[in-house]
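Every read-out reported here was derived from the displayed coordinates using simple, explicitly stated rules and does not represent laboratory data. None of these values were measured; they are calculated from a predicted model. Here Cβ is always computed from backbone atoms with ideal geometry, including for glycine, and neighbour counts include all displayed protein chains.
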Amino acid sequence: MLQPYTQRVVDIIKKIPEGKVMTYGQIAGLAGSSRGARQVVRILHSLSSAHQLPWHRVVNAKGEIAIQEDESRMLQRHMLEAEGVYIGINGMIDLEEYRHEPDIPPDR
DNA sequence: CTAATGACGTCCG
DNA sequence: TCGGACGCCATTA
């Protein structure tokens with residue numbers, strides 16, 4: 001069993017639809033800790049492969065791909081473009097257009 | 001109990 | 001506008 005907070009983060013990430021993205025801070029807030037972005041990072045590191053998580057739909061607050069490692073960074077970019085998410089010349093995604101807004105409000 | 005981790009966010013010069 | 005310092009915090013060791 002996963003810890004409660006971890007479980008909520010996982011559930012939220014799994015609900016991000018194709019062609020949309022969410023930021024770390026946004027996910028953390030919906031899970032109950034608006035400043036828990038770093039937990040989301042840890043979760044992606046430890047559970048992305050085991051839980052069928054669409055990790056590529058998670059980007060930082062600026063709309064950039066957060067990962068530094070080149071291989072995975074390009075992979076993520078391709079995955080997003082394949083879903084119709086256009087990434088600008090500076091590596092920026094237009095959050096106004098692609099950010100996923102769940103109907104459920106943040107509980108904290 | 002403390003220390004470390006981490007693909008972040010925000011403030012300030 | 002940009003980069004660096006610092007804050008943050010659930011979870012694990």
To the nearest whole percent, what portion of all C-alpha pairs in the range A:4-98 is separated by more than 23 angstrom? 17 percent
Between A:SER48 and A:ASP11, 0.36 nm times their residue separation minus their Cα-Cα distance comes to what? 12.1 nm
Can you list which of the trypsin sites (Lys or Arg not before Pro) found in the range A:11-83 are DSSP loop residues with at most 10 other C-beta atoms within 10 Å? A:ARG35
Using only DSSP helix segments of four residues or longer, with each worth -39500 (n - 2.57), what per-residue ellipticity at 222 nm results for chain A after dividing by its residue count and rounding to 500? -12500 deg cm²/dmol
If the elastic network links every pair of Cα atoms under 10 Å, which of A:HIS56, A:HIS78, A:HIS45 fluctuates the most in the Gaussian network model of chain A? A:HIS45
What do you get for GluC sites (Glu not before Pro) in the range A:1-69 restricted to DSSP loop and a cutoff of at most 15 other Cβ within 10 Å of the site's Cβ? A:GLU18, A:GLU69
Just need the relative contact order of chain A here, percent rounded to a whole number, with Cα pairs under 8 Å and 6+ apart. 32 percent
Suppose R0 equals 25 Å; then what is the FRET efficiency for A:GLU81 and A:ASN60 from their Cβ-Cβ distance, rounded to the nearest 0.05? 0.90
Considering only the other residues whose Cβ falls under 9 Å of the Cβ of A:VAL21, what net charge follows from Lys and Arg at +1 and Asp and Glu at -1? +3
Counting Lys and Arg as +1 and Asp and Glu as -1 over every other residue whose Cβ sits under 13 Å from the Cβ of A:ASN60, the net charge comes to +4
Answer in debye to the nearest 20: the dipole magnitude of chain A about its Cα centre, from +1 Lys/Arg and -1 Asp/Glu charges placed on Cβ, is 480 debye
Which net charge results when you count Lys and Arg as +1 and Asp and Glu as -1 among the other residues whose beta-carbon is under 13 Å from that of A:TYR86? -3
